[in-house]
1. State which residue pairs qualify: first residue polar (S, T, N, Q) and inside region 29-40, second residue modelled with pLDDT under 80 and not in a strand (DSSP E or B) in any location, beta carbons under 8 Å apart, and separation of 6 or more residues or different chains.
2. Being within 9 Å of the chain's Cα centre (by Cα) and either at pLDDT 95 or above or open to solvent by 60 Å² or more (accessible area, probe 1.4 Å) (or both) is the filter here, so list the residues in region 64-78 that pass it.
3. Would you pick out the residues in region 1-53 that are of a type outside the set (A, V, I, L, M), surrounded by 18 or more Cβ atoms within 10 Å (Cβ to Cβ) and assigned to a helix (DSSP H, G or I)?
Amino acid sequence: MAYIVIQDWMISDLQLKGNELLTYALIYGFSQDGESEFKGSLKYISEFLGVSKRTAQRSIENLVDRGIVEKRVEEIIFNDQVADLVLAGVPVG
């Protein structure tokens with residue numbers, strides 16, 4: 001079973017709420033050491049959070065626009081189909 005941890009500073013310091021809070025907590029869980037990064041698809045994020053792919057994408061875009069996460073996208077071949085892999089991390093420093 002997978003889980004996320006919502007830290008109080010995510011709400012108080014970053015002023016996150018709703019889907020952006022959940023998305024950030026998911027990404028942070030994979031990248032909190034400052035060296036690792038979240039590697040997953042929009043499908044994974046949307047299914048994990050129980051939202052549409054568009055909502056997941058919009059949440060990530062909002063976090064990137066605010067400078068809270070950094071993102072890049074790579075295309076990968078998975079099951080003979082091209083898929084976008086979202087690579088995101090928490091900026092260090």
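1. Listed pairs, sorted by first residue: S31/V90; Q32/V90.
2. So in region 64-78, the residues within 9 Å of the chain's Cα centre (by Cα) come out as 69, 71.
The one that is within 9 Å of the chain's Cα centre (by Cα) and either at pLDDT 95 or above or open to solvent by 60 Å² or more (accessible area, probe 1.4 Å) (or both): K71.
3. N19, E20, T23, Y24, Y28, S31, S46
The values are calculated or read from the model by the stated rules, or taken from the named source; none is laboratory data. Note that the structure is predicted; figures quoted are calculated from it, not measured. Quick reminder, even Gly has a Cβ in these numbers, built from the backbone with ideal geometry, and neighbours come from all protein chains shown. These area figures cover heavy atoms from the full protein model, side chains too; ligands, DNA and RNA do not enter into them. Shrake-Rupley method; radii C 1.70, N 1.55, O 1.52, S 1.80 Å.
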